[in-house]
1. Where does the charge balance sit around B:GLN15 when Lys and Arg score +1, Asp and Glu -1, over other residues with C-beta under 11 Å from its C-beta?
2. Can you give the mean number of other chain Cβ atoms that lie within 10 Å of the Cβ atoms in peptide A:176-182?
3. Please give me the summed charge of the neighbours of A:ILE361: other residues whose Cβ is under 13 Å from its Cβ, Lys and Arg +1, Asp and Glu -1.
4. For A:MET93, what accessible surface area do you get with a 1.4 Å probe? Give it in Å², rounded to 10.
5. Straight-line reach from B:LYS129: which aspartates and glutamates have a Cα under 19 Å away, not including same-chain ones fewer than 8 places off?
6. Using the alpha-carbon centroid of each, what span in Å lies between the range B:113-192 and the range A:338-392?
7. Can you give me the solvent accessible area of A:LEU89 with a 1.4 Å probe, rounded to the nearest 10 Å²?
8. With a probe of 1.4 Å, find how much accessible area the range B:4-189 has per residue, and write the answer as a whole number in Å².
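The values are calculated or read from the model by the stated rules, or taken from the named source; none is laboratory data. Not measured: the values here are computed from a predicted model. So basically every Cβ, Gly included, is an ideal-geometry build from the backbone, and we count neighbours across all protein chains shown. In case anyone asks, the SASA skips ligands and DNA or RNA and just uses the protein heavy atoms, side chains included. Shrake-Rupley method; radii C 1.70, N 1.55, O 1.52, S 1.80 Å.
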Amino acid sequence: MAKSNILARTGNEAMAEAMRQINPDVVAAYPITPATEIVQIFAGYVADGLVDTEFVPVESEHSAMSACIGASAAGGRAMTGTSSQGLALMAEMLYVASGLRLPIVLADVNRALSSPINIHCDHSDTMMVKEAGWIQIFSENAQEAYDNMVQAIKIAETAKVPVIVTTDGFIISHGMERIEILDDSVVKSFVGPYKPENYLLNFDKIITVGALDLPDYYFEHRRQAAEAMRTAGAIIMDVASGYQKISGRSYGLLEKYKLDDADCAIVAMGSTAGTAKVAIDNLRAKGLKVGLLKPRVFRPFPKSEISDALKNIKAIAVMDRSDSMNGQEGPVCLEVKAALYDKSLNKPVLDYIYGLGGREIRLDEIENIYNDLFEAIKGKSKDKITYLGVRE
Amino acid sequence: MKELLEIRWHGRGGQGAKTAALLFADAALASGKYVQAFPEYGPERMGAPVTAFNRISSKPILLHSGVLNPDVVIVLDPTLMEGVDVTEGLPQDGAIIVNTNKTPADIRKELKVPGSMKVYSVDASLISKETIGREIPNTPMLGAFIKATGVLDFKEMIEDTRHKLEKKFKSKPEVIEGNLKAIERAYNEVKS
């Protein structure tokens, strides 16, 4: 690795760097903390002539996604970035983008939703749109944020399914870390030119986009979109394998850390997965067999891979950085439980709602979760939902 | 050096605590280390007490929780010590470096730190005024920090900083020389 490819970058800078190398046709965006920097830095690249992108500074996130939809339908490669309330305002158009099978890539910096108003990290924003038909890829650190962005454009265009790549607000978006980037030419040839099959500006093959779809065909089109999501997992794996060849870094639908011989496991996404790895090393040094399962891809949900990875674990804790406000478990825990049920795996699964609104998650708190799991193996506190570190 | 070194910077909004942490991370990266630099985001007001953090290691850093027990604390503004417990979480063998014209013995008395902790002082405000022409204590504090802890090779760091400043301030050679001089003076003038 050449020294010039090793940089100290924040998550936002890393994502903007990936966007520069991808050089999309259109970026339409509206600023929102803590994602502003991504498109702000990118706007600088546009102003400096480092990219060929048409930058559209719109008046709202709803318009940002609308402009991306227009650009993508016209045949362009379109990207944007947002967070929290911005993603909420985009929600209507997110469904339009996925329904039209437009391969837009969105960098979302995970932030809590109002109210009360808060600018810090939790996963409520992307969880709110988990049914929007967008692939969702979570990043543990700035390196993964960069790597995921480069892969996302290729995944989206191959699957014809839009992709959200996330980072944890402030923790990763504003935290500077060592990252390794690829050469511009390597990224350029990896993503390749965008060649849409059908697009509005192709005057040799005129199409209609967004037509009324009544009971005679709507169902078939939704079925196709659902199938595209179902089969996207294989495409994500293909793209990861190509990316491994150019970067040396390997990615899957999920990552296992010291999981195979573990008695107890935590399931966690985003930056907390890194802290959990340190907790695991500490506990392993004391002879405790503990491990981690980190879903990298949350949509499509890697159901069978997750139940396979957890099949020999005696007790599982799922860490949910959001609450579905549904009177039961958080979103990740519910889906992990469903995956286990399908394989007839009946074991204690504890849910930990944590870190809402940026509440700090400490190493000792994660180590305590493993202690709870060893208790759960003995038959205590099975199926418990814990609000970790909250005052009540 | 410890396998993982954790640093906490104390400053006031606008004084460059975050920038100092970022600069330091960049310098440590250039010497082949793994780094993290992150601020604590509270209410962002000019003059309000702020903190920023570094982690530095020869191995990849996986930890993404806050720094609770820093090995080194750096205080950019000595007036902070009246209202903020700058030694909070500092272990018995920790070190604290303060930008002040007082002696380390005075600071030790003021903060009531035990003899096992190391206390350093340097007048970074004066140095920055004399070398850069403005009060920017964060740049010289880098030099004091390296002298006090020995975590980076000083010559290597100066060369790397020169290289970076030359890129950034092509048309202002006086800025480059001023900053380098500030780091060098603090390196030489820090007292323990």
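1. 0
2. Taking all residues of A:176-182 together, the mean is 5.
3. -4
4. Per-residue accessible area (A:MET93): approximately 30 Å².
5. List returned: B:ASP77, B:GLU174, B:GLU177, B:GLU184, B:GLU189.
6. With the range B:113-192 and the range A:338-392 each reduced to a Cα centre, they are spaced 47 Å.
7. Taking all protein chains as shown, A:LEU89 has close to 80 Å².
8. 45 Å²
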